[in-house]
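The values are calculated or read from the model by the stated rules, or taken from the named source; none is laboratory data. Since the model is a prediction, treat every value here as computed from it, not as a measurement. Cβ: placed from backbone, ideal geometry, glycine included. Neighbour counts: every protein chain shown. Note: accessible area is taken over every heavy atom of the protein model, side chains too, but ligands, DNA and RNA are not part of it. Shrake-Rupley method; radii C 1.70, N 1.55, O 1.52, S 1.80 Å.
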Amino acid sequence: MSTSSENFATKVIHGGSKKNAEGALSAPIFQSSTFIFDSAAQGGRRFAGEEGGYIYTRLGNPTINALEEKIALLEEAEECVAFSSGMGAISGAVVPHLQAGDHLLSDKTLYGCTFDLFSHLLPKLGIEVEFIDFSNIEQVKKSLRPDTRAVYFETPANPNMKIIDVELVARLAHQASARMLVITDNTFATPYLTRPLLLGADIVVHSATKYLNGHGDVVAGFACGSHELMKPVRSVGLKDLTGAVLGPFEAFLILRGLKTMKLRMDQHCANAMKIARFLDSCPQVLKVYFPGLKSHPGHEIAARQMKQFGGMISFEVKSYEAAKKMLDHLKLCCLAVSLGDCETLIQHPASMTHSAYSKEEREAAGFSDGLIRLSVGLEEAGDIIDDLSQALAAE
């Protein structure tokens, strides 16, 4: 089958799947912790890596592997490793490739738990983490060092939708050192909108809880890359370090959710563009962060590396108090963390998902106490706008 980007709708439904012995249209759920060997010799060969086949679901499962094959195809990666959460994927992809004495260069705008991992846990392992602004290319050039083992960033970044030029950062990193890894979180964009590996990144991570599943009923994560780079992610990051194994039923649900991914993403993106333009015209809104607006500083880069501009919007109101009042007056939009669901979700990063940041760290990362993050759902755009309008105008 062709793997061209034009065939995404076909790939997301048919790609990566294999015929099973029973001829089931949907991938069967192999709800089993362990697998029976034909003989003691076969068990020994499988543990020795001399023979393929299943041993134990922490080491592999047919339903999970069917999902991994599909995600690898969508990201145009050689291999995908599934995890039971996005943080499992991030920890399992990053830590096995680093050791004491290494330098990790990270963008300063990150999901709160990723920031926590990098700022608090990795230094305990002897890994130096430096946070900079990856949208400042001169700063990136100056910060790359001989002992820099990896660079890490999100694009669009959570929560202020900062856009990073994947191709340029990857080129600079690889020019500095052939062994330097470029790791990017592609959760907000999804492989439908951006494929970082084709732009030069080495590893892509996802919280599959979000758009890939799309229905708010699964927590999961993925790491994608070459066979060589995924080997320690699977054998160390998943098997030994985190043990964050995705369940077969959850894998089945994601496989089901993926079938409508293109349809969902098209609607998320279309709705978000309408809502971003509305928010941009609201007197109560100080600033709108959405890469589809020409006023966004990363608009030109986003237009070049994204097929559309995504379904995530953030916007500033004058204070934390104003943000709380607005959120408490919503009637349709759901006050909840996470994103990528059919329902519109809205939350306050400073007190919720990014509470691990201090006030000074939030300001340095480019978002304030008045920032509100909106995950635009699949409702009628006019209904979402009406709800936001009345909540913003509430006294």
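With the structure loaded, tell me whether Phe37 is among the aromatic types (Phe, Trp, Tyr) and either exposed (fewer than 14 other Cβ atoms within 10 Å of the Cβ) or more than 16 Å from Leu246 (Cβ to Cβ) (or both) or whether it fails that test. Considered against the rule, which asks whether it is among the aromatic types (Phe, Trp, Tyr) and either exposed (fewer than 14 other Cβ atoms within 10 Å of the Cβ) or more than 16 Å from Leu246 (Cβ to Cβ) (or both), Phe37 comes out as yes.
Checked against the criterion of being crowded, with 20+ Cβ neighbours inside 10 Å, out of contact with any strand residue (DSSP E or B) (no Cβ under 8 Å at 6 or more places or on another chain) and at pLDDT 95 or above, the candidates Ser91, Ser84 yield just one match: Ser91.
What is the number of the single condition among (1) in contact with a strand residue (DSSP E or B) (Cβ under 8 Å, 6 or more places away or on another chain); (2) buried (at least 24 other Cβ atoms within 10 Å of the Cβ); (3) at positive phi that Gly200 does not meet? Here Gly200 clears every test but (2). Scanning the range 127-156 for residues that are in a loop (DSSP other than H, G, I, E, B) and open to solvent by 40 Å² or more (accessible area, probe 1.4 Å), we see that the one that is nearest to Pro291 (Cα to Cα) is Ser135.
So, Gly340, is that one among the small types (Gly, Ala, Ser), open to solvent by less than 20 Å² (accessible area, probe 1.4 Å) and out of contact with any Leu (no Cβ under 9 Å at 6 or more places or on another chain) or not? Answer is no for this residue. Filtered by the rule that a residue be within 17 Å of Glu361 (Cα to Cα) and among the hydrophobic types (A, V, I, L, M, F, W, C), the range 122-147 gives Val129, Phe131, Ile132, Phe134.
Taken over the range 164-176, the residue count meeting the criterion of being open to solvent by 10 Å² or more (accessible area, probe 1.4 Å) and out of contact with any Leu (no Cβ under 8 Å at 6 or more places or on another chain) is 5. State yes or no: is Leu229 in contact (Cβ under 8 Å) with a residue 60 or more places away in the chain, closer than 21 Å to Gly49 by Cβ and either in contact with a Ser or Thr (Cβ under 9 Å, 6 or more places away or on another chain) or open to solvent by less than 50 Å² (accessible area, probe 1.4 Å) (or both)? Yes; evaluated as a whole, the condition is true for this residue. Here Ser207 fits the description: buried (at least 19 other Cβ atoms within 10 Å of the Cβ) and at pLDDT 95 or above. Just wondering, is there one or more residues in the range 281-295 that are under 20 Å from the mean Cα position of the chain (by Cα) and more than 26 Å from Asp383 (Cβ to Cβ)? No, the range 281-295 has no match at all.
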